[in-house]
Amino acid sequence: MVNIAFVTYYCPHYRTGFFEQFESRLEGDLDPKIFFTDHKENWQAYGDFDYEVLPRLKPRESYEVAPTLFYRLWQYDPDVIVSGPVEQFAAHASYLYAKATGTPFVLWTGEWTLPKTTLRTLTFPLIRRIYHGADSLAVYGPHIRDYAADLGVNRDKIHLAWNTTDIEYFQNPSEDDARELRDRLDIPEDAPVALYVGRHVKEKGLEYLIDAFREIVDDIEPTPYLLIVGDGDRRDELEERAADLDTVLFPGYVENKDLPPYYGLADVFVLPSIQTEIFREPWGLVVTEAMASGTPVITTSEVGIAAAGVVKDGENGYIVPERNPMVLADRLERLLTDEGLQSAMGETAAEVISQYDYDKMVDGFVSAIDNALGTQSIDS
């Protein structure tokens with residue numbers, strides 16, 4: 001029996017399906033167990049897999065410590081440890097345990113820049129050591145592989161565990177549900193709709209989306225709508241910025257399970273993220289959801305799924321420069337006024353993203369674990 005300890009901080013809704021698939025693929029002669037070292041009340045969503053939530057302390061707002069992790073790993077006696085993200089206690093402690101016990105270690109990471117914070121500056125020597133000392137890496141996509149290689153990691157030990165969510169759940173959204181949502185939001189039947197879903201925070205670049213929409217709203221007939229779904233500490237500021245735009249709507253926070261009608265309603269989905277001193281969009285799973293729904297997408301170049309090559313400029317959507325409302329306005333207008341382009345790009349988006357399911361993500365982890373263990377394949 002090969003014991004696999006997967007140590008990470010918490011379990012958001014978009015990870016439950018992955019952990020279930022991971023356990024399903026590896027059960028039998030293998031015994032994977034997931035250890036969670038953190039907790040976020042509004043994000044936690046455990047699934048049907050073997051897991052344990054460890055007691056934790058919180059010395060800093062963004063850093064939780066699980067004091068019993070070493071003891072539980074010692075009891076479990078793993079043959080290999082998988083852990084990430086690299087900036088969290090889970091990875092730091094798991095790596096130190098692995099090195100102390102000679103246990104093969106796989107780093108899971110989606111980071112492609114170094115945030116400029118005091119904590120990250122202080123911990124960077126350890127983080128660099130983890131990158132170099134890990135037996136293998138499982139990364140979100142090619143852009144993460146390039147970042148790790150730039151840190152000096154041998155590319156041969158970096159494996160693509162393509163980041164994804166439950167593709168099937170978002171495929172073929174109900175037209176009836178989308179129509180009902182349109183009625184509920186009082187959007188005219190023939191009005192084109194642009195959509196954003198996510199947090200209302202600085203790094204999402206929503207002011208540039210609002211400004212881009214302002215550039216085109218009077219030039220399109222029938223008048224288009226922009227839905228900015230979600231919540232966050234900048235919501236009041238964003239609503240004030242859009243106060244002169246009658247067709248910009250803020251529906252508020254929507255549970256992930258209730259999002260398919262929004263994607264089904266939208267003619268284009270936009271993720272206008274920007275790079276800040278502390279953040280660079282690792283992936284953008286809302287883009288994955290929109291593509292699975294058959295909705296063409298617009299992202300900036302600072303969105304991981306675009307940098308990874310999944311969003312293909314001019315084929316299944318557009319990639320625009322960050323902080324550039326004029327270019328964003330141009331691409332928005334193209335998609336909101338051309339139903340043929342919408343349809344073609346939407347079909348291509350759905351076809352492309354269908355290749356990036358949980359199985360493909362698990363494949364990357366299996367490859368990384370094989371590499372760390374020096375085995376042919378643990379996935380028999």
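The values are calculated or read from the model by the stated rules, or taken from the named source; none is laboratory data. These figures come from a predicted structure and were not determined experimentally. So basically every Cβ, Gly included, is an ideal-geometry build from the backbone, and we count neighbours across all protein chains shown.
How many of the residues in segment 149-174 are under 16 Å from residue 291 (Cα atoms), of a type in the set (D, E, K, R) and either modelled with pLDDT under 95 or out of contact with any Gly (no Cβ under 6 Å at 6 or more places or on another chain) (or both)?
Number satisfying all stated conditions: 1.
Would you kindly identify the helices (runs of 4 or more DSSP H) lying entirely within segment 91-180 that contain at least 2 residues that are among the small types (Gly, Ala, Ser)?
142-150
For segment 262-380, give me every one of the strands (runs of 3 or more DSSP E) that falls completely inside it and has 1 or more residues that are in contact with a Phe, Trp or Tyr (Cβ under 7 Å, 6 or more places away or on another chain) and either buried (at least 24 other Cβ atoms within 10 Å of the Cβ) or not assigned by TED's automatic domain parsing to the domain that holds residue 103 (or both).
Here the list reads 268-271, 297-300.
Regarding residue 315, is this residue in contact (Cβ under 8 Å) with a residue 60 or more places away in the chain and of a type in the set (Asp, Glu)?
Judged against the criteria, residue 315 is not a match.
If I filter segment 35-62 down to residues being among the hydroxyl-bearing types (Ser, Thr, Tyr) and surrounded by fewer than 16 Cβ atoms within 10 Å (Cβ to Cβ), which single residue comes out as modelled with the highest pLDDT?
Step by step, filter segment 35-62, then rank; the result is 46.
Taking only pairs six or more apart or across chains, which ones have beta-carbon atoms under 6 Å, a first residue in segment 277-288 that is under 17 Å from residue 13 (Cα atoms), and a second residue that is modelled with pLDDT under 95?
285/14
Considering only residues that are farther than 26 Å from residue 330 by Cβ and either aromatic (Phe, Trp, Tyr) or assigned to a loop (DSSP other than H, G, I, E, B) (or both), which ones fall in segment 217-261?
231, 232, 233, 253, 254, 255, 259 - these are the residues of segment 217-261 that are farther than 26 Å from residue 330 by Cβ and either aromatic (Phe, Trp, Tyr) or assigned to a loop (DSSP other than H, G, I, E, B) (or both).
Which condition from (1) surrounded by fewer than 21 Cβ atoms within 10 Å (Cβ to Cβ); (2) outside the structural domain of residue 308 (by TED's automatic domain parsing); (3) within 22 Å of the chain's Cα centre (by Cα) is the one that residue 154 breaks?
Among (1) surrounded by fewer than 21 Cβ atoms within 10 Å (Cβ to Cβ); (2) outside the structural domain of residue 308 (by TED's automatic domain parsing); (3) within 22 Å of the chain's Cα centre (by Cα), the lone unmet condition for residue 154 is (3).
Quick one: what pairs do we get from segment 230-258, first residue in the same structural domain as residue 208 (by TED's automatic domain parsing) and at positive phi, second outside any helix (DSSP H, G or I) and among the hydrophobic types (A, V, I, L, M, F, W, C), C-beta under 7 Å, 6+ apart or different chains?
Partner pairs satisfying both residue conditions: 230/197; 232/201.
Output the residues belonging to segment 325-354 that are under 12 Å from residue 298 (Cα atoms) and polar (S, T, N, Q).
Within segment 325-354, just 342 meets the criteria.
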